[in-house]
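To keep things clear, I will list the structure first and then write my remarks on it.
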Ligand code: GLC
């Protein structure tokens, strides 16, 4: 009894097919008319990590543990042989899992340390249970698994209060229940909250039943549909228009654990270059070159920090990819060097469509190298996009990826710093990219959803190969499960409206829950122009989103931070400065995400799963940034006060020093220049000085500020490295754990270097203890009483302690 490797199923499939003939209803008409459902168990076989069931009519269902909390279920239909999808999965190297198999009269039980799977015999149905015996998810008894033509589908029972999250980039509420969602990567200019599908296709969702979370990832790239209780009260279901029914089930019970397991399978975001955390300025399009350098200079003159400028399609010569317009950009190298000297990184747009034109080197090379997708009869496909009639590279082919990568490398050699992949759904005028067109990995029925994934994968891998010591930065519009391994994602062509500001937050939450942490929306809105107030509120929200880019469409009014008058400019600067001050904190969260898959921007319930208020739609614009920081940005026109739901704990309003008890809604002041931010008791928030760009060397002594809300427990791990290379993978980083203890006499902050592989510059550490009720009697550093270097602000109740040279202190004790 050995596990059947997925690749080598040929020998067995004959038997499966034969069984299919024996058991399936003879009439094909009956089949054409509806679903065939998985029937009773015929026999089963134990495998290394699970079982193979033979179920009527001649189907095989493989159920096997990937790790103790992850189970894979794969259907082998009697009438089709399907290849299972590999690209989104990073590591199917099986670890050790002890699986106990118990035969009971009406079911077979598979048990690991974390999860039980009950396989009912008649008919064949799958139920997942936790170790207390609670049902997490269960095949709908009457429907279960079925197929109809090319379609495969799984129905599961739906619980009264069951909630659903994820599915990547979706509109609607954060809870996806009550709608049927489609996954089919689509260019949706001007979408709204109801539009579906959108650009990303991520067939992963989290279910929450009776407070216990689980996850399901449908490993299938065909057009798929997730009915999460739409139009019926009996079930939820997931279906794909073709391919194998192949899904993974992840145990919780915590939502973080589910996402951790899912990203174990589909991969995690590698650390991006640190500059990609900075503020980024874009528009369709900045040109000519002089305008771009003016723009850069204006940021520096106005002392508004910024790291990146984007070049949209007008930098190209007639929208020919990998060219420069000779008049608008006569000297790209010179311009890029000038911008680089000012501390700017430049990211140009790269669309997949290659202009069909004889003599255009990229087209000629692509044809000669057989790099473009074709119709089944061999004719190269031509569709229209920005350059007019265009060819489309077949990124599923390794040689095509290498060829594309060579062009990217040349762009890098000219001085660009990252790549912005757009129109990669792939978009064509008329929308309907023909599904019969073929790639090496199959027709577009199979690979449309994967097109952008392969494009990003190729770009990332080729850039790493060309520059092994530089972390690539790629931004993509479309993608599939696993896209987080290669690219940051922005939410496409949104609109400058208040509705969109809130929608953006919900979409970013959904993406984060789907394993994609490095996400942002066009700040200010892409379509149309924001009012000054909307711009203010958006640039404030953006300061807290993982990817922070202001972008707007062609022919919209100017949208730079200074475009709305002096007052807005000052507030925008303040928001952007906050972003830069928060870099040590944010970068540490990025690092956490790269290790666990946790989102950076998290819904309230990520940390408060049992709190039903944390799921309420009226608080969906609030979010956690890490465990201790809660943001309640203003997203309503004219609002100067804001209702804020504070979950359990005590919370410090960082603007007013007011302390609130949680588990209730409070109303706080929210003047135009304020982003309501709350630090939970036990929270430690590391900040730095404002710099004009991430890599700027500051003249004076560097200062690290720790905003601390003392409590009995609480800690934060600060992560630091060189910000650009992969040396951290060989240990060249530093982690410092700050932790808090408290008793009736006072409190203590302990600093402990956990990993010391990267030298940080000598700097002053300023610790600001908040909500300190009275002036301290005694402050000691490493047991030595301190007489100076501290101050106590009676009115604000903030105690500030300054410590030079962080290498020498371990504890600050306050009594
Ligand atoms: C698409 C992109 C948008 C870009 C435009 C022109 O609409 O989503 O960001 O500005 O194309 O390239």
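The values are calculated or read from the model by the stated rules, or taken from the named source; none is laboratory data. All values derive from a computational prediction rather than experimental measurement. No Cβ is skipped: glycine too gets one built from the backbone with ideal geometry, and neighbour counts run over all protein chains shown.
Take residue 203 and decide whether it is touching a residue at least 24 places away in the same chain (Cβ under 8 Å), more than 16 Å from the ligand (Cβ to nearest atom) and over 16 Å from residue 509 (Cβ atoms). Walk me through how you get there before you give the answer.
Details: touching a residue at least 24 places away in the same chain (Cβ under 8 Å): yes; more than 16 Å from the ligand (Cβ to nearest atom): yes; over 16 Å from residue 509 (Cβ atoms): yes.
When the stated conditions are applied, residue 203 passes them.
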Scanning the range 101-121 for residues that are without any contact (Cβ under 8 Å) to a residue 12 or more places away in the chain and within 37 Å of the chain's Cα centre (by Cα), which turns out surrounded by the fewest Cβ atoms within 10 Å (Cβ to Cβ)? 109
Residue 393 - would you say it is surrounded by fewer than 20 Cβ atoms within 10 Å (Cβ to Cβ) and more than 16 Å from the ligand (Cβ to nearest atom)? no
Condition (residue is surrounded by fewer than 19 Cβ atoms within 10 Å (Cβ to Cβ), over 19 Å from the mean Cα position of the chain (by Cα) and over 22 Å from residue 477 (Cβ atoms)) applied to the range 195-205: is it met by at least one residue? no
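Here is a yes/no grid of residues against (1) assigned to a loop (DSSP other than H, G, I, E, B); (2) farther than 30 Å from residue 569 by Cβ:
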{"position": "707", "(1), (2)": "no, no"}
{"position": "713", "(1), (2)": "yes, yes"}
{"position": "720", "(1), (2)": "no, yes"}
{"position": "728", "(1), (2)": "no, yes"}
{"position": "754", "(1), (2)": "no, yes"}
Do we find a residue being without any contact (Cβ under 8 Å) to a residue 40 or more places away in the chain, away from the ligand (no atom under 16 Å from the Cβ), in contact with a helix residue (DSSP H, G or I) (Cβ under 8 Å, 6 or more places away or on another chain) and over 24 Å from residue 546 (Cα atoms) anywhere in the range 493-501? no
Could you list, in sequence order, all residues of the range 779-799 that are loosely packed, with under 13 Cβ neighbours inside 10 Å and in a strand (DSSP E or B)? 784, 785, 791
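Which residues, counting only those in the range 196-213, are closer than 18 Å to residue 512 by Cβ and either touching a strand residue (DSSP E or B) at 6+ places or on another chain (Cβ under 9 Å) or part of a strand (DSSP E or B) (or both)? Break it down into steps so the answer makes sense when it comes.
Step one: of the range 196-213, the residues closer than 18 Å to residue 512 by Cβ are 198-208, 213.
Answer for the range 196-213, where residues must be closer than 18 Å to residue 512 by Cβ and either touching a strand residue (DSSP E or B) at 6+ places or on another chain (Cβ under 9 Å) or part of a strand (DSSP E or B) (or both): 199, 200, 201, 202, 203, 204, 205, 206, 207, 208, 213.
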Answer from 330, 253 - the residue that is in a loop (DSSP other than H, G, I, E, B), without any contact (Cβ under 8 Å) to a residue 60 or more places away in the chain and either within 16 Å of the ligand (Cβ to nearest atom) or on the phi < 0 side of the Ramachandran plot (or both): 330
Which of (1) surrounded by fewer than 21 Cβ atoms within 10 Å (Cβ to Cβ); (2) out of contact with any helix residue (DSSP H, G or I) (no Cβ under 6 Å at 6 or more places or on another chain); (3) touching a residue at least 24 places away in the same chain (Cβ under 8 Å) does residue 566 not meet, given it meets every other one? (3)
Can you tell me which residues in the range 278-294 are in contact with a helix residue (DSSP H, G or I) (Cβ under 6 Å, 6 or more places away or on another chain) and either crowded, with 24+ Cβ neighbours inside 10 Å or assigned to a loop (DSSP other than H, G, I, E, B) (or both)? 279, 285, 286, 287
Does residue 170 qualify as being surrounded by fewer than 23 Cβ atoms within 10 Å (Cβ to Cβ) and either on the phi < 0 side of the Ramachandran plot or modelled with pLDDT of 95 or more (or both)? no
Go through 438, 461 for me and flag whichever is away from the ligand (no atom under 16 Å from the Cβ), surrounded by fewer than 20 Cβ atoms within 10 Å (Cβ to Cβ), at pLDDT 95 or above and under 19 Å from residue 398 (Cβ atoms). 461
The range 150-189: number of residues that are touching a strand residue (DSSP E or B) at 6+ places or on another chain (Cβ under 7 Å), closer than 30 Å to residue 554 by Cα and away from the ligand (no atom under 16 Å from the Cβ): 5
In this structure, does residue 427 turn out to be under 29 Å from the mean Cα position of the chain (by Cα) and within 18 Å of residue 486 (Cβ to Cβ)? no
Can you name the residue in the range 759-778 that is at pLDDT 95 or above and not in a strand (DSSP E or B) and, of all such residues, is surrounded by the fewest Cβ atoms within 10 Å (Cβ to Cβ)? 771
Give the residues of the range 537-559 that are farther than 20 Å from residue 578 by Cα and in contact with a helix residue (DSSP H, G or I) (Cβ under 9 Å, 6 or more places away or on another chain), sorted by residue number. 554
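Go over the candidates 452, 456, 427, 432 one by one and state the one that is in a loop (DSSP other than H, G, I, E, B) and within 16 Å of the ligand (Cβ to nearest atom). Full working, then the answer.
Details: 452 fails: in a loop (DSSP other than H, G, I, E, B); 456 fails: in a loop (DSSP other than H, G, I, E, B); 432 fails: within 16 Å of the ligand (Cβ to nearest atom).
Exactly one residue qualifies, and that residue is 427.
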Of 576, 554, 571, which residue is under 28 Å from residue 311 (Cα atoms) and within 16 Å of the ligand (Cβ to nearest atom)? 554
Using beta carbons and a limit of 9 Å, which pairs, at least six apart or on different chains, have the first residue in the range 400-427 and closer than 23 Å to residue 383 by Cα and without any contact (Cβ under 8 Å) to a residue 60 or more places away in the chain and the second one within 16 Å of the ligand (Cβ to nearest atom) and in a helix (DSSP H, G or I)? 404/455
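Restricting attention to the range 505-540, report how many residues are over 13 Å from the mean Cα position of the chain (by Cα), within 15 Å of the ligand (Cβ to nearest atom) and surrounded by 24 or more Cβ atoms within 10 Å (Cβ to Cβ).
Total meeting the criteria: 5.
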Go through the residues of the range 225-235 one by one and say whether even a single one is touching a helix residue (DSSP H, G or I) at 6+ places or on another chain (Cβ under 7 Å), at pLDDT 95 or above and surrounded by fewer than 24 Cβ atoms within 10 Å (Cβ to Cβ). no
